[in-house]
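Some notes on the structure that comes next.
Taken together, the values in this text are just the output of simple stated rules run on the coordinates, not laboratory data. Note that this is a predicted model, so its numbers are computed, not measured. With ideal geometry, Cβ positions are generated from the backbone for all residues, glycine too; neighbour counts draw on all protein chains shown.
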């Protein structure tokens, strides 16, 4: 649109300023001979209409995006049953959705996932921000991630747990299943370590007694990306 506007502007300038017969030896076209004022009016009208159209299209696009985001956010808030009230839901979901945008482009997918994370973290009595940090390190929010050791999904849960709990046919790629199992496992390790989060995270990663690289990564990601302001 900007290219078209520039082109029309240049054409108008050339038409009105062209030297025609006096300097170039080229006769003024018969349909505009002696009608320069009319040509100026016509060209000015065209440019005005083009400018109005450009502004209208831009305003319409911005309004459409805002309405869609508002609609999706409202739906997520109304269905978010793990929050104390709608204000808490609005603040948290909007804040975390903005942060998650670099990982997930779709606003609908972000809000749906954040609602699931908040619900499962709350059910397990975990900080939702901690769960976000663990997912960030474990899978970069890829629900189809599979590690070399066979861990699957957002929270990289090992498949043997399905047999342990008598649900061998459950699918760890399913987001809700993965979150419920991952949060439950992490909470269990926190309780086992009597609230020592560093040891619990190392146990979750299978590196307890070897090094503290994994807990340190989670803490760094939590403080930089997910710490609740």
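A few comments on the model shown:
- Put simply, of 153, 166 the only residue that is within 22 Å of the chain's Cα centre (by Cα) and at positive phi is 153.
- Residue 113 being crowded, with 18+ Cβ neighbours inside 10 Å and over 20 Å from residue 197 (Cα atoms): yes
- Helices (runs of 4 or more DSSP H) wholly inside segment 146-229 that include at least 1 residues being closer than 21 Å to residue 99 by Cα: 175-192, 213-221
- Some residue of segment 169-180 being in contact with a helix residue (DSSP H, G or I) (Cβ under 9 Å, 6 or more places away or on another chain), surrounded by fewer than 19 Cβ atoms within 10 Å (Cβ to Cβ) and more than 20 Å from residue 145 (Cβ to Cβ): yes
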